[in-house]
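The values are calculated or read from the model by the stated rules, or taken from the named source; none is laboratory data. Here the structure is a predicted model, which is why all the values come from computation and not from measurement. Backbone-built Cβ (ideal geometry, glycine too); neighbour counts: all protein chains shown.
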Ligand SMILES: Cc1cc2nc3c(=O)[nH]c(=O)nc-3n(C[C@H](O)[C@H](O)[C@H](O)COP(=O)(O)O)c2cc1C
Ligand SMILES: [Fe+2]
Ligand SMILES: [Fe+2]
């Protein structure tokens, strides 16, 4: 079965894409939607340039894909935008097939990182921030974009064609059925972009904004954006730039409330159903995730919904004098990956001692999240507890309005 796609982007520029239907990304994120690794091949007057690569298990496929366009021995330069192995994993095999001719163009920090991963005897050529590198008929401009997604990350801009090879930036999860933005339902794709941003680079959200400022500041306004994951934007590159900015800023979708809870035997669930009823009475249709005997949502999906929510309702039961483990884990990742604040209504049920309010506050201590109301009750919620929840929902909605 052919897992890869070779597609001409311009007369001299090709996409080499492999579709990876892997279960988890970085051994962490559930991605039933899959992921693509996009490498690019530029045929210039001064020789063939390979930008990035694929995961090591697809190295032979990458060579096959390259051979449909060029002899691997003709690759004169390999640009390593980012050392993470989803892109660099195939470099050893490519250099072997290339008889070690190619020079590796990269950030200074990438040198030791590559040497620590591969045994190839690399011929490095360090590129400088803002450097222009002539390929005869084409010029590559290299721009440092630290922390997108590692410290050594750079992007390249093909000056004459207005193509921004952006590596992880502007990428997304999923295996889009087509290659370009003019052929795909972008609205549907953007939810995988949001998930990718929050899961993979959420911790470095500020650097997305810094990179956008930097790229705009040096007058680069790409006509085509070719990321290392997902769709290529050529019809409307502003869509992906604006969306990245939106997600990095944590902007909310009006009226979006996300409810997340666990319930072992139904006590928390009863209280949460009441909160949802109160929200629905006021016209809200919350996005709901629950950890129960029958459901276990993916943490990466929840984080992705949180980033553009206006507010959250979190329901948690007390478990071994602490928070129910999956909710505890979620809070830990919220603290790392979501760098903006959202108001929270906290609901908790305990058996003999209430701990949720202080435990959740601790977990979210160094974040911008704000617990507007915390309602804790023993066992099943009684009428008084439900009344408090109704009031809590009103407080939550007020917090949204107060921004
Ligand atoms: C495995 C397990 C561990 C628990 N540990 C505690 C605990 O340490 N402290 C406590 O007050 N209640 C504890 N409880 C009681 C639950 O917090 C309580 O029954 C709560 O109402 C559960 O709500 P739920 O059925 O919606 O999950 C525990 C319950 C279970 C099943
Ligand atoms: Fe990465
Ligand atoms: Fe990547």
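The residue list 216, 194 contains one member that is outside any loop (DSSP other than H, G, I, E, B) and within 13 Å of the chain's Cα centre (by Cα), which is 194. Answer yes or no: is there a residue in segment 96-107 that is touching a strand residue (DSSP E or B) at 6+ places or on another chain (Cβ under 7 Å), assigned to a helix (DSSP H, G or I) and in the same structural domain as residue 38 (by TED's automatic domain parsing). Scanning segment 96-107 turns up no residue that is touching a strand residue (DSSP E or B) at 6+ places or on another chain (Cβ under 7 Å), assigned to a helix (DSSP H, G or I) and in the same structural domain as residue 38 (by TED's automatic domain parsing). Here residue 240 clears all of (1) in contact with a strand residue (DSSP E or B) (Cβ under 6 Å, 6 or more places away or on another chain); (2) in the same structural domain as residue 310 (by TED's automatic domain parsing) except the condition numbered (2).
Of the residues making up segment 7-24, those that are touching a strand residue (DSSP E or B) at 6+ places or on another chain (Cβ under 6 Å) and in contact (Cβ under 8 Å) with a residue 24 or more places away in the chain are 7, 9, 12, 13, 14, 15, 16, 17, 18, 19, 20. Do we have residue 205 as under 20 Å from residue 12 (Cα atoms) and assigned by TED's automatic domain parsing to the domain that holds residue 88 here? The answer is no for residue 205.
Pairs meeting the criteria (first residue in segment 197-219 and closer than 11 Å to residue 143 by Cβ, second residue within 13 Å of ligand 2 (Cβ to nearest atom), beta carbons under 7 Å, at least 6 apart or on different chains) are 211/145; 211/148; 211/169.
The set of residues in segment 73-89 being more than 16 Å from ligand 3 (Cβ to nearest atom), touching a helix residue (DSSP H, G or I) at 6+ places or on another chain (Cβ under 8 Å) and in a helix (DSSP H, G or I) consists of 73 alone.
Could you say whether any residue in segment 377-391 is surrounded by fewer than 17 Cβ atoms within 10 Å (Cβ to Cβ) and either within 16 Å of ligand 2 (Cβ to nearest atom) or assigned to a strand (DSSP E or B) (or both)? Yes, segment 377-391 contains at least one residue that is surrounded by fewer than 17 Cβ atoms within 10 Å (Cβ to Cβ) and either within 16 Å of ligand 2 (Cβ to nearest atom) or assigned to a strand (DSSP E or B) (or both).
Considering 114, 63, 42, the condition of being touching a residue at least 40 places away in the same chain (Cβ under 8 Å) and not in a loop (DSSP other than H, G, I, E, B) is satisfied by 42 alone.
Name the one entry in 349, 353 that is near ligand 1 (Cβ under 10 Å from one of its atoms) and surrounded by 20 or more Cβ atoms within 10 Å (Cβ to Cβ). The match here is 349. Does residue 70 satisfy being touching a strand residue (DSSP E or B) at 6+ places or on another chain (Cβ under 9 Å) and part of a loop (DSSP other than H, G, I, E, B)? Yes; evaluated as a whole, the condition is true for this residue. Only one of the listed residues (125, 141, 195, 214) is in contact with a strand residue (DSSP E or B) (Cβ under 9 Å, 6 or more places away or on another chain), crowded, with 16+ Cβ neighbours inside 10 Å and farther than 30 Å from residue 338 by Cβ. That residue is 141.
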